Amino acid sequence: MFGGLFCAYAVYRVSYGPAFAAAAGELDLKLGAINTAILITSGLAMALTEPAMAAGRRRAALTLLATTGALALVFLSIKGLEYHHEIGKGLAPLPGLAFRYDGPRPEQAEMFFNFYFAMTGLHALHMAIGVGLIGWMAARIARWRRPAKLERRLRIVGLYWAFVDAVWLLLFPTLYLLRGG
């Protein structure tokens, strides 16, 4: 899904470069950068969980999982705040809401915001699923049954979280930083 969205975005970005660059300027770069730092930190916490588990350090593994989940919730809260601001400015091309944009080529800027909300919304959905998986894994570790089986499951959850991180590390520059014509 993400691959298709990135390819379609690239085609439109090339076709509507100046309008997409101007529309990207409406995004809150500071909040996007803060969210990037938060997600990278959550990825580090998740990566450290597996060695803690392998060493039999249950409390450390649980603390690291809790940190990962808490940082994910902070990320989602900040993204929600961004959405709130963008909807308030009329930049959300949602049914029932009028799209308002004072910059150049509003119809092309609306396409940018369609991609922005689709891509970041899909990412947020994957994060929410990840938070659920992290909570499930923490509950399993708290009971500490069959550590070897838990280590494999933890590795799978860690790989999923690395995917979530990697997608954001592509989304951030694509949507927030490519502001040049």
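The values are calculated or read from the model by the stated rules, or taken from the named source; none is laboratory data. The structure presented is a predicted model; accordingly, all values stated were derived computationally and were not measured. Positions of Cβ are generated from backbone atoms using ideal geometry, with glycine treated the same way; all protein chains shown enter the neighbour counts. Only protein heavy atoms, including side chains, enter the accessible area calculation; ligands, DNA and RNA are left aside. Shrake-Rupley method; radii C 1.70, N 1.55, O 1.52, S 1.80 Å.
Figures for the structure shown
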| quantity | calculated |
| --- | --- |
| Lys, Arg +1 and Asp, Glu -1 on Cβ, resulting dipole of region 45-123 about Cα centre, debye, nearest 20 | 440 debye |
| Unit charges at the beta carbon, dipole of region 83-166: most positive-side option, 128, 144, 95 | 144 |
| Two-decimal ratio, region 71-181, of alpha-carbon radius of gyration to 2.2 N^0.38 Å | 1.39 |
| Charge dipole (the chain, unit charges on Cβ, about Cα centre) - positive-most of 173, 54, 119 | 54 |
| Reach of residue 79 by Cα under 27 Å, taken over lysines that are not fewer than 8 positions away in the same chain | 30, 89 |
| Where the Cα pairs of region 10-81 fall when distances are cut into 5 Å bins, in % | 3, 16, 17, 13, 12, 12, 9, 7, 5, 4, 1 |
| Largest to smallest principal axis extent of the C-alpha atoms in region 1-122, angstrom | 58, 29, 25 |
| Estimated dipole of the chain in Debye, rounded to 20 [Cβ of Lys and Arg +1, of Asp and Glu -1, Cα centre] | 1200 debye |
| Cα pair distances of region 109-174 binned at 5 Å [whole percent] | 4, 16, 21, 17, 13, 10, 8, 5, 3, 1, 1 |
| Accessible heavy-atom area order of 157, 11, highest first, probe of 1.4 Å | 11, 157 |
| Pairs of Cα atoms farther than 12 Å apart, region 54-97, % | 70 percent |
| Column: log10 I(q)/I(0), Debye, Cα scatterers of region 71-127, q = 0.19, 0.21, 0.24 Å⁻¹ | -0.69, -0.81, -0.98 |
| Accessible-area value, residue 48, 1.4 Å probe, nucleic acids and ligands omitted, Å² | 80 Å² |
| Convex hull volume per residue for region 20-59, taking Cα atoms only, in Å³ | 66 Å³ |
